[in-house]
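To keep things clear, I will list the structure first and then write my remarks on it.
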């Protein structure tokens, strides 16, 4: 099998139960990168929530694909940038006019929260990144002036409020947005034009034009990994992946807590 580049999801796939990279993973990543097989992180996370993992794996010189393909960085430079328009952000804020749920707004390495509530502290703990506290309306107004949008919006709250938001946003902007629910209490929102697969295609085109999807292996666990896993030469699901992901994967490895990615690298590269 002519595998020349690897792409991996992070949460639920790459990190262990302590949300860290294991010694076995470090060894396997070092082995393949020494053979000039790039190991690329691809996640819904923001850049600074990924670069510390790159540092742990000694792959800081490699590109990263952030926000599920919404932002692609090569040598720290933006090579692809697709965001959500501020007018849509205003609609999300209007749906939340009574302040029933948390709204996190992300653009590149900026993460804004209206206050350091339970949800913000939880995400801070999970990602090891500290947000900027600023009223949501002020952030939207700032981005309108600067000509920016959101690479990601994360809404968090009680299930009933997330159900309502999901329904209302679907009616208003279902043709423009990906609405992804990893849990009943979370809705992750992105531009509908992006996916992990679009991110991979953009990166191959600009950085690795001699490679194609036939040269790629990818690792994942969740619904937003399915398109990527189906498109590459070898799509590997970790053992704890969603049932739908397990069904479409070319191979299934061990769970993320039991070095699933490291074991798959050892077996296939």
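The values are calculated or read from the model by the stated rules, or taken from the named source; none is laboratory data. Keep in mind that this is a model prediction, so the values were computed, not measured. We place every Cβ from the backbone using ideal geometry, glycine too, and count neighbours over all the protein chains shown.
Restricting to segment 28-58, what's the tally of residues that are crowded, with 18+ Cβ neighbours inside 10 Å, over 20 Å from residue 202 (Cα atoms) and in contact with a helix residue (DSSP H, G or I) (Cβ under 8 Å, 6 or more places away or on another chain)?
Count: 5.
Can you find a residue that is farther than 25 Å from residue 199 by Cα and modelled with pLDDT of 95 or more anywhere in segment 69-85?
No, the conditions are met nowhere in segment 69-85.
Consider residue 129 carefully, then state whether it is more than 14 Å from residue 189 (Cβ to Cβ), at pLDDT below 95 and in contact with a strand residue (DSSP E or B) (Cβ under 8 Å, 6 or more places away or on another chain). First the steps, then the outcome.
Values: more than 14 Å from residue 189 (Cβ to Cβ): yes; at pLDDT below 95: yes; in contact with a strand residue (DSSP E or B) (Cβ under 8 Å, 6 or more places away or on another chain): yes.
For residue 129, the condition - more than 14 Å from residue 189 (Cβ to Cβ), at pLDDT below 95 and in contact with a strand residue (DSSP E or B) (Cβ under 8 Å, 6 or more places away or on another chain) - is met.
Before we move on, is residue 17 outside any strand (DSSP E or B), closer than 23 Å to residue 188 by Cα and more than 18 Å from the chain's Cα centre (by Cα)? Outline the logic, then answer.
On the way: outside any strand (DSSP E or B): yes; closer than 23 Å to residue 188 by Cα: yes; more than 18 Å from the chain's Cα centre (by Cα): yes.
Taking the combined requirement at face value, the residue satisfies it.
For residue 205, are the conditions met, namely being under 23 Å from residue 46 (Cα atoms), in a helix (DSSP H, G or I) and modelled with pLDDT of 95 or more? Break it down stepwise before answering.
Numbers: under 23 Å from residue 46 (Cα atoms): yes; in a helix (DSSP H, G or I): yes; modelled with pLDDT of 95 or more: yes.
When the stated conditions are applied, residue 205 passes them.
Scan segment 177-198 and report the pairs whose first residue is free of Cβ contacts under 8 Å to residues at least 24 places away in the same chain and whose second residue is in a loop (DSSP other than H, G, I, E, B), with Cβ atoms within less than 6 Å and a gap of 6+ or a chain change.
192/176
How many residues does segment 13-42 hold that are at pLDDT below 95 and at positive phi?
Of the residues in segment 13-42, 1 are at pLDDT below 95 and at positive phi.
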